[in-house]
Amino acid sequence: MAKAIRTKIAGNTFFLLLLLLFSYQAVFGQPTKNVKQDMQQQFIPIDGAAQRLPSAILEKLKGKRIVGLGEATHGTAEFEQMFSLLAKSLILEHDFNVVVLAEANFYDTRALNDYVVHGIGNAGTAIRHMRHYPASFIEEEFRKLAEWIRAYNESRPVEERVWMLGVDAMSPRGGAHDALRLCRELNIKLPEETQRYLTELAVLPEPMFENYAKRVDITSALANIASLQQELQQKAPLDKLSDKQRWLLQSTATLENAVAFFYDHHLLKKWSDRQFRDEAMLANIKWVQKVKPDAKFIVYAHNGHMEKNVGYQHSTGYEARLGKLLHKTYGKDFYAICTEVRSGSYWAGDDDGELTIPGRKDKIGEVIEGLTDAPLGLLELNATPDLTKYFNGPLYMAFGNLVGTYNFPAKTVNLATAFDALLYVRESTPKLRTKPKTEIRQFSLNLNLSPEFVEGALKQGQLAVSLNSTLGTIGTSLSNEGAFLGLLFVDSQKNVVGYRAVQLTGNSSLLQSFPVPAGTEKVLLTLSGNNVKDLTIEHLALNGVAVALDDFKYYGEGYENITEKRDGKVRLLLRETAKGNS
């Protein structure tokens, strides 16, 4: 009898647990009748072809200092179009004056800001370079936004013009470039080890990131950054610097963050426990605020960066995101909007191409799609207590970035705490990328040294380089402008065992020795650069042996290279052919 009772109780318990589980899913997976009514009443449709956002949305943003728009994927055209519409509306209606592409590098977007503020260069070139090395395409929506801002600025006094820039520090190369440029302009002579490290970092090819992080430990790297900061603190007084030099100085201020992220990402293969990128983003925004005291910001980044608190459950533990830092700094003056998309496809980068948005019945986009015919719209997450409760429950929302494996409906927690509003897009289409109309300016002159020469250099233990060259510069704001001599040392297993680089400036008479690492079997000598007018090599010798200049192989675009004989001597000439970039 007791056994039968226990069996009955156990059966009832199981039934109750099952009932609770289904009730839990019904409550949190699908909205109640009251929540549905609230959604329908509070949802504000948006006309994607309109010139401005609806007044009901603009009224909610009145009085804010910073408005952030997150993107559920990095490659949805509609998110970028809505950001452009948001930016234009806030500029026209609420006097916002700083447009921030948060995940573009600060140091790589000085040219973009120079274009929109001063009309220097063109939008296409600046957009292509905003992640340091030029992209093979133009991000069309950002180009059009930059051109709109430039047109808006033309009739306004300089101090009232709208800025457009990035604030990230994802790669240290642009910061290293800016550090070298600033020190050169101020005649600051850095310690030899610091100069060498910054030069190598500035021109380091992306495929070598991991190898370099393994060979140069982070303690040494950070010591060199600290040495740079000390020199600048002593010899770069703010009151003596031009506006351009102040920007270069700020580039160096977040270089430590970029280097720390570089090692975590490329050596340890992990997302940093400390959010180095997001800290740099906030530091750069605060710098703009200091330089431009009346600044009001429109900021664009992934949802994962924009959340005030943990919104995506999988981001738990990575809490010092930009949105949280902005919320802590600016409080109620910061308004955060996330995005959600029901279906469609998006661009996930060159490696993964276009991917389909995964579906799920209890995804927020599916729920909203069942309540409205509008393809676009905004919903305040805390408009009613029932909405707050619903959106703070466990739900699902699209998540995608530039790595194809990160493409899934992600579980959300406390979404109404993480964001103020949600921008809904019914159908995602891949972001628009256009082919540039003209060439960019980049080159690499390569020479593989003979095995016999390498063997001799290895016995001597060094490679002495003697070079006479003349470099003509264009004077752009692009962070990768310049030319460098590089030496790449490779062993018999095709492993890189060493890399050295020297910057070429004006009339260079270089005489420098480089150690040849043990195990070296091959050496590649390169003369490479970007956005220079011309380069002439009068003489090049290695360990006292003259190099045949016509043996160099040219790779690149925007230049032509020729060898010229004059007075019995051979000169290597590199001349610009690209007359304009877009």
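Structural remarks
- Checklist (1) over 23 Å from Gly393 (Cβ atoms); (2) open to solvent by 30 Å² or more (accessible area, probe 1.4 Å); (3) among the charged types (D, E, K, R) applied to Lys431, failing item: (2)
- Here Leu190 does not qualify as within 20 Å of Ala501 (Cα to Cα) and in a helix (DSSP H, G or I).
- Only one of the numbered conditions (1) open to solvent by 10 Å² or more (accessible area, probe 1.4 Å); (2) at pLDDT below 95 is violated by Ala348, and that is (1).
- Val367 falls short on exactly one of the conditions (1) open to solvent by less than 40 Å² (accessible area, probe 1.4 Å); (2) part of a loop (DSSP other than H, G, I, E, B); (3) not hydroxyl-bearing (Ser, Thr, Tyr), and that condition is (2).
- When residues of the stretch 553-568 are limited to those that are in a strand (DSSP E or B) and free of Cβ contacts under 8 Å to residues at least 60 places away in the same chain, the one farthest from the chain's Cα centre (by Cα): Arg566
- Candidate set: the stretch 383-397, residues that are outside any helix (DSSP H, G or I) and under 31 Å from the mean Cα position of the chain (by Cα); chosen: the one surrounded by the fewest Cβ atoms within 10 Å (Cβ to Cβ): Pro394
- The stretch 184-214: number of residues that are touching a residue at least 24 places away in the same chain (Cβ under 8 Å), over 23 Å from the mean Cα position of the chain (by Cα) and within 18 Å of Thr254 (Cα to Cα): 1
- Residues in the stretch 434-444 that are β-branched (Val, Ile, Thr) and surrounded by fewer than 17 Cβ atoms within 10 Å (Cβ to Cβ) were compared, and the one that is modelled with the highest pLDDT is Thr434.
- Residue satisfying all of: in the stretch 215-242; in contact (Cβ under 8 Å) with a residue 40 or more places away in the chain and under 23 Å from the mean Cα position of the chain (by Cα); surrounded by the most Cβ atoms within 10 Å (Cβ to Cβ) among these: Ala221
- Some residue of the stretch 84-95 being in a loop (DSSP other than H, G, I, E, B) and modelled with pLDDT of 95 or more: yes
- Qualifying residue in the stretch 126-135 (condition: touching a Gly at 6+ places or on another chain (Cβ under 6 Å) and at pLDDT below 95): yes
- Of all the residues in the stretch 102-133, those that are in contact (Cβ under 8 Å) with a residue 40 or more places away in the chain, within 12 Å of the chain's Cα centre (by Cα) and over 20 Å from Ala283 (Cα atoms) number 3.
- One residue stands out among those in the stretch 505-552 that are acidic (Asp, Glu) and touching a residue at least 24 places away in the same chain (Cβ under 8 Å): the one that is farthest from Leu485 (Cα to Cα), which is Glu521.
- Output for the stretch 370-382, where each listed residue is in contact (Cβ under 8 Å) with a residue 60 or more places away in the chain and either touching a strand residue (DSSP E or B) at 6+ places or on another chain (Cβ under 9 Å) or loosely packed, with under 15 Cβ neighbours inside 10 Å (or both): Thr372, Ala374, Pro375, Leu376, Gly377, Leu378, Leu379, Glu380
- Residue tally, condition of a type in the set (Gly, Ala, Ser) and either in a loop (DSSP other than H, G, I, E, B) or within 30 Å of Phe489 (Cβ to Cβ) (or both), over the stretch 419-444: 1
Okay, residues lined up against (1) outside any loop (DSSP other than H, G, I, E, B); (2) surrounded by 22 or more Cβ atoms within 10 Å (Cβ to Cβ):
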{"position": "Ala104", "(1), (2)": "yes, yes"}
{"position": "Tyr107", "(1), (2)": "no, yes"}
{"position": "Ala111", "(1), (2)": "yes, yes"}
{"position": "Val116", "(1), (2)": "yes, yes"}
{"position": "Arg143", "(1), (2)": "yes, no"}
{"position": "Glu147", "(1), (2)": "yes, no"}
{"position": "Ala151", "(1), (2)": "yes, no"}
{"position": "Gly175", "(1), (2)": "yes, yes"}
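- Subset of the stretch 398-416 [surrounded by fewer than 18 Cβ atoms within 10 Å (Cβ to Cβ) and of a type in the set (S, T, N, Q)]: Thr405
- Some residue of the stretch 326-337 being more than 21 Å from Thr76 (Cα to Cα), touching a Phe, Trp or Tyr at 6+ places or on another chain (Cβ under 6 Å) and surrounded by 17 or more Cβ atoms within 10 Å (Cβ to Cβ): yes
- Counting the residues of the stretch 266-320 that are outside any loop (DSSP other than H, G, I, E, B) and either open to solvent by 10 Å² or more (accessible area, probe 1.4 Å) or touching a residue at least 60 places away in the same chain (Cβ under 8 Å) (or both) gives 29.
- Residues that are surrounded by 14 or more Cβ atoms within 10 Å (Cβ to Cβ) and of a type in the set (Lys, Arg) within the stretch 185-204 comprise just one, Arg196.
- Qualifying positions in the stretch 214-265 - acidic (Asp, Glu) and part of a helix (DSSP H, G or I): Glu231, Asp239, Asp243, Glu256, Asp264
The values are calculated or read from the model by the stated rules, or taken from the named source; none is laboratory data. This one's a predicted model, so the numbers in the text were calculated from it and none came from an experiment. No Cβ is skipped: glycine too gets one built from the backbone with ideal geometry, and neighbour counts run over all protein chains shown. Quick note on the areas: whole protein, heavy atoms, side chains included, nothing else; ligands and nucleic acids left out. Shrake-Rupley method; radii C 1.70, N 1.55, O 1.52, S 1.80 Å.
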